[in-house]
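The values are calculated or read from the model by the stated rules, or taken from the named source; none is laboratory data. The structure displayed is predicted, hence computed values, not measured ones. Please note: Cβ atoms are built from the backbone with ideal geometry, for glycine as well, and neighbour counts cover all protein chains shown.
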Amino acid sequence: MTAEMVAPAWMHQQITAEEYESWSEEQCAGIEIVDGMVVVSPSASKRHNRLARLLANALDAAAGPDWNADTDFDVRLQDVPLTNRRPDIIVYRADTIDITPTRPEHVLLVVEVVSPGSETTDRVVKVDQYAKAGIGFYWRIEQAATGTPLVYTYLLDPATRTYREGDAFAGALKITAPFAAEIDLGQI
């Protein structure tokens with residue numbers, strides 16, 4: 001049995017931005033493209049999805065009319081080799097809602113909810129990729145055993161294109177940047 005019999009050929013070769021853009025929405029769901037290679041993401045748990053949706057709703061309400069907060073769509077970090085990431089939450093300029101692909105200059109904040117199997121990617125790999133792409137803020141959410149999530153915030157240093165650690169929150173998230181918000185994490 002060959003690899004092509006188990007998985008489609010496109011999973012074994014680099015794809016270009018042009019090829020990816022020809023795929024249907026269904027083909028693009030549940031995958032990311034890293035250095036031109038398809039990376040399949042397992043389905044998230046209900047807890048993970050609920051946390052992302054409720055936090056996105058709270059961020060959307062706090063961000064004001066110039067920003068939207070949504071879940072589950074591609075952010076094009078680079079064209080060659082193609083790298084598309086699909087953050088759990090994206091806060092992006094409202095006036096770019098119909099622009100595809102969403103690019104780093106459209107994005108203010110990305111949030112990743114760490115799940116079993118995504119620890120290294122969310123804690124190390126994506127942090128570096130988002131910083132090098134110039135996205136101003138990165139948050140990592142750890143799902144604590146107590147049920148109350150822990151939020152670690154990071155702020156981009158534009159000179160080095162790396163993130164500086166910001167504040168960490170448990171229980172209540174009270175921020176002033178990138179915009180003012182107070183969110184009760186115990187309710188999520």
Expected single match for closer than 21 Å to Glu182 by Cα and in contact (Cβ under 8 Å) with a residue 40 or more places away in the chain among Leu77, Leu55 is Leu55
Just for segment 136-155: of the residues that are crowded, with 19+ Cβ neighbours inside 10 Å and touching a residue at least 60 places away in the same chain (Cβ under 8 Å), which one is nearest to Asp70 (Cα to Cα)? Ile141
Taking the options Asp95, Asp66, name whichever one is without any contact (Cβ under 8 Å) to a residue 40 or more places away in the chain, under 29 Å from Glu18 (Cβ atoms) and over 14 Å from the mean Cα position of the chain (by Cα). Asp95
For a quick check of your reading: which strands (runs of 3 or more DSSP E) sit entirely within segment 5-113 and have at least 3 residues that are touching a Phe, Trp or Tyr at 6+ places or on another chain (Cβ under 6 Å)? 107-113
Restricted to segment 106-120 and to residues being within 9 Å of the chain's Cα centre (by Cα) and among the β-branched types (Val, Ile, Thr), the residue farthest from Phe137 (Cα to Cα) is Val113
Considering only residues that are at pLDDT 90 or above and among the β-branched types (Val, Ile, Thr), which ones fall in segment 129-188? Ile135, Ile141, Val151, Thr153, Thr160, Thr162, Ile175, Thr176, Ile183
